[in-house]
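Down below is the structure, laid out as structure tokens.
The values are calculated or read from the model by the stated rules, or taken from the named source; none is laboratory data. Values in this document were obtained by computation on a predicted structure and should not be read as measured data. Note that we place each Cβ from the backbone using ideal geometry, even for glycine, and neighbour counts take in every protein chain shown.
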Protein chains: 2
Amino acid sequence: MANLLRAAATWGLFPWRGYCSRGTQGELSKGFVEALKAVVGSSHVSTAVAVRQQHGHDESMHRCQPPDAVVWPQNVEQVSQLAALCYSQGVPIIPFGTGTGLEGGVCAVQGGVCINLTHMDKILELNREDFSVVVEPGVTHKALNTHLRDSGLWFPVDPGADASLCGMVATGASGTNAVRYGTMRENVLNLEVVLPGGELLHTAGLGRHFRPGLGLETDRLRPWHLPCVSPGSRKSAAGYNLTGLFVGSEGTLGLITAATLRLHPAPEATVVATCAFPSVQAAVDSTVHILQAAVPVARIEFLDDVTMDACNKHSQLNCSVAPTLFLEFHGSEQVLAEQLQRAEEITQDNGAFHFSSAKEAEERSRLWAARHSAWYAVLALRPGYKGYSTDVCVPISRLPEILVQTKEDLKAQGLTGAILGHVGDGNFHCLLLVDPEDPEELHRVMAFSELLGRRALALHGTCTGEHGIGLGKRQLLQEEVGAVGMETMRRLKAMLDPRGLMNPGKVL
Amino acid sequence: MANLLRAAATWGLFPWRGYCSRGTQGELSKGFVEALKAVVGSSHVSTAVAVRQQHGHDESMHRCQPPDAVVWPQNVEQVSQLAALCYSQGVPIIPFGTGTGLEGGVCAVQGGVCINLTHMDKILELNREDFSVVVEPGVTHKALNTHLRDSGLWFPVDPGADASLCGMVATGASGTNAVRYGTMRENVLNLEVVLPGGELLHTAGLGRHFRPGLGLETDRLRPWHLPCVSPGSRKSAAGYNLTGLFVGSEGTLGLITAATLRLHPAPEATVVATCAFPSVQAAVDSTVHILQAAVPVARIEFLDDVTMDACNKHSQLNCSVAPTLFLEFHGSEQVLAEQLQRAEEITQDNGAFHFSSAKEAEERSRLWAARHSAWYAVLALRPGYKGYSTDVCVPISRLPEILVQTKEDLKAQGLTGAILGHVGDGNFHCLLLVDPEDPEELHRVMAFSELLGRRALALHGTCTGEHGIGLGKRQLLQEEVGAVGMETMRRLKAMLDPRGLMNPGKVL
């Protein structure tokens, strides 16, 4: 707090308020901006329009709502001071990672200070024998896996975009590998969180500087500049699961400043397969049968005919334009051969009319690159249009009916949409193309998305499998969790953020 | 609420208070007991001393603290009415499953009403294609697996005792299969919880009677007698993770009245292996190497020389009296052969001097029965003595040092202790034998347990991997999570249970 107090002294004891008396949102007082600079240094604060606009939107269609200032803290001490400063002055706080979210989670709906955490990008501690790593919030999952390349370990959660790991924690991200390796929920062991008022919470135990006997004072004694999050044990039954509370909290409960993540042994060998089906039902049945046969598939992705057509064109594939599964298997050579054979038998029993596999890294990369480029391939179907992705998740047995309904809804609404999904989890996305100049089409897209969300709820699913609630799904969340669920969430929010300043307007 | 209101009318509008004016704890007013009977029926309420004493302790050494009354609700509506009744009258509520806990979680430290949930023991809904099941709180994990026998599915979490599944949710239980299949945290999809005041919360979405369009009133419209918990999707990013909040809450936040659990495909074949090592270090190194080699071991259990000696005597085994691993592998015949070969190579590289495997069901059962009987085998070492189990968990790399230290501490304290552990998770138990007539020895056992807890914390571990905090580890929890962690947990508790009546005196 020393810097903060010095800053306070410089301008008198808090003589400024966060917002100018004449302005409200959109105009931070000069004194407040100077106080931000005193914390992080002048070069790490910006109020430039271009910078603010860049931080006012993510990759979704939600309109840009820029913050009043952007700051780049260099360490957790600065994050704590920034939180205390903003909170004491009633200024909203919006955490920012890579800006690759899809539900408007970074839009500054009430203005405020955007805290960009990408300068904190150190991998603090790798524990090979314990299969864990401690990262600062700015480390992306690709950067982590590059760092891990020769360690025999990897971090499997891969949402597609090269998101920051703590952003992925905040979103509760998952992606293509979740069917085997779980989502962020299952892969976070401990978090360091700066609470709205600036206090430092370790969700699953104190850090390395914990000193038995010093009791309750320990967190205050930790030197700020040292790695702080305990590598942690693989499991715990000690008190309430605070880690789980912050995974998926979308920046509304605190700022995640470090995470201990669970690592997995890198697969010895990998093989990829694709197969086309006469119907959506046949593709989903194959998925269920593969899971029931306990084939430990690493990825099982569904792409509909529209997506396959787009991928063929965009990525120069020569696949059938039909409902298709992309599968990936991890294991030893011998195990892979058996997995592949089983998967082929099961898919053929379900009428697959094309099954081909690729072991060579180049061909595998080409296929997965096509899958990961599906978003751009679909966008290329109607140049100049923007994309919007839905994100419902249902029990797997309900997938065929909701996919068929969705296809019919698209037709009825005259919308262009491509479907692809993490079908092993029951999660799928409908990529909709919309003319940004056509408000009527935009309206139809939003109505379609809401209808799809309600269809998922009626089938015991969720309105969001991995993108989060953000701005756009707050009404659906109410319908999903009901009155008591909403009231419990509101009380949780009020408990941790009584002034409602942490990423306001999101989730609730 | 109809019954409840009728009951209230019968005795005038709440003319009674929960406790008699002359008595405090230990004496419920006659009117209150009548009100309990009006909710669940006379035959489902008992104030008999023997019954109360039976419900005042679990399998641990914590002294019996009986509740003032025991009630057996038959359905969730009754649970809700009981909670509302107790809460309005300031009477503590203690949920009770099978009483097989190990940290005094059911001791009625402030008296109150014990709600025994074992009469609610229906398996409400099995979804084979979705790998999920909805159970009432009284179903035990063995009963569930018996029910699943011909379904091709199973529920792998097995804490040893035949605990009730919702008790296992409340404890955050795990056990021998966690290394491959996860703990309760990873295997609960949705919970129905009666909150302290009687409100009904669905932690991950409303039940089957959810009706889009009816909005916030839906939870109140659900017919009470029908299955209520949504089968749920395999993943979700919708709002705060309320499910995770109640897993491991030890009955202090609400009463769990139904759970949707994740099922797994039953293994096609199973093989068991045992191997003895020259040292603890060699056994732990083998564990790490097996995990690093991505051998998907289903169980990997460590037993020290004392435990092996006890098992040899008690279960007529003929194993070496040395640090030993019990391993189990699940998969197809071909995959098993490869896994077994790899494990044998790795253990022999680490100096294992005996490796034997068993495929036949009979021999496998004999070995695991010996492992599961270890508690009784160790007890038999000193007839008439009682057992106490520690439960620390550390990062695997720190296991050898803490195991060696623990052995030395046992010797220094003159205590008889046997060590066995879920070594793939870094979790181990030290089973201590104590003369119940010797308070000095009891004191040494408690001091040893506390020292072991502190050693685990100093090594970035936790004081409890799977037994929970209960009564005995509240001080260690404070040291583990620190001031901010404790304050956050206290606020969580106060938010959901403002009068502090849900299983008071536990966890915090």
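Computed values, structure above
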item	result
Count of residues meeting criterion [over 16 Å from A:Ala48 (Cβ atoms) and touching a strand residue (DSSP E or B) at 6+ places or on another chain (Cβ under 9 Å)] in segment A:113-123	7
In segment A:316-350, the residues that are in contact (Cβ under 8 Å) with a residue 60 or more places away in the chain, part of a loop (DSSP other than H, G, I, E, B) and either within 26 Å of the chain's Cα centre (by Cα) or under 19 Å from A:Gly426 (Cα atoms) (or both)	A:Asn350
Selection status of B:Ile469, part of a loop (DSSP other than H, G, I, E, B) and within 24 Å of the chain's Cα centre (by Cα)	yes
The lone exception for B:Ile419 - which of (1) under 20 Å from B:Gly470 (Cβ atoms); (2) under 22 Å from the mean Cα position of the chain (by Cα); (3) at pLDDT 95 or above it fails	(1)
Residue in segment A:206-214 that is out of contact with any Cys (no Cβ under 8 Å at 6 or more places or on another chain), crowded, with 24+ Cβ neighbours inside 10 Å, assigned to a loop (DSSP other than H, G, I, E, B) and at pLDDT below 95 present	yes
Yes/no for B:Pro323 being within 14 Å of chain A (Cβ to nearest Cβ) and either closer than 17 Å to B:Val288 by Cβ or loosely packed, with under 15 Cβ neighbours inside 10 Å (or both)	no
Segment A:180-193, residues that are facing chain B (nearest Cβ under 10 Å), over 13 Å from the mean Cα position of the chain (by Cα) and buried (at least 24 other Cβ atoms within 10 Å of the Cβ)	A:Leu189, A:Asn190, A:Val193
Number of positions in segment A:468-479 that are within 16 Å of A:His429 (Cα to Cα) and either at the interface with another protein chain (Cβ under 8 Å from one of its Cβ atoms) or surrounded by fewer than 21 Cβ atoms within 10 Å (Cβ to Cβ) (or both)	3
Filter result for the condition that a residue is crowded, with 22+ Cβ neighbours inside 10 Å, touching an Asp or Glu at 6+ places or on another chain (Cβ under 6 Å) and either within 13 Å of chain B (Cβ to nearest Cβ) or within 19 Å of B:Thr203 (Cβ to Cβ) (or both), over A:Gly426, A:Gly485, A:Gly465	A:Gly465
Qualifying positions in segment A:289-299 - more than 26 Å from the chain's Cα centre (by Cα) and either facing another protein chain (nearest Cβ under 9 Å) or not in a helix (DSSP H, G or I) (or both)	A:Gln292, A:Ala293, A:Ala294, A:Val295
Candidates A:Ala143, A:Ala50, A:Ala108, A:Ala83 - the one that is without any contact (Cβ under 8 Å) to a residue 60 or more places away in the chain and crowded, with 17+ Cβ neighbours inside 10 Å	A:Ala108
Identity of the residue in segment B:229-281, part of a strand (DSSP E or B) and facing chain A (nearest Cβ under 10 Å), that ends up surrounded by the fewest Cβ atoms within 10 Å (Cβ to Cβ)	B:Pro265
Residues satisfying the stated conditions in segment A:78-105, i.e. in contact with a Gly (Cβ under 6 Å, 6 or more places away or on another chain) and among the small types (Gly, Ala, Ser)	A:Ser80, A:Ala83, A:Ala84, A:Gly90, A:Gly97, A:Gly104, A:Gly105
Count of segment B:493-508 residues which are farther than 13 Å from B:Leu195 by Cβ and either outside any loop (DSSP other than H, G, I, E, B) or facing chain A (nearest Cβ under 7 Å) (or both)	2
Failed item, numbered, when B:Lys506 is tested on (1) buried (at least 22 other Cβ atoms within 10 Å of the Cβ); (2) closer than 18 Å to B:Val306 by Cβ	(2)
Unmet requirement for B:Gly251, which otherwise passes all of (1) modelled with pLDDT under 95; (2) under 25 Å from the mean Cα position of the chain (by Cα)	(1)
Subset tally (residues that are of a type outside the set (Gly, Ala, Ser), touching a strand residue (DSSP E or B) at 6+ places or on another chain (Cβ under 7 Å) and farther than 30 Å from A:Thr390 by Cβ) for segment A:71-112	8
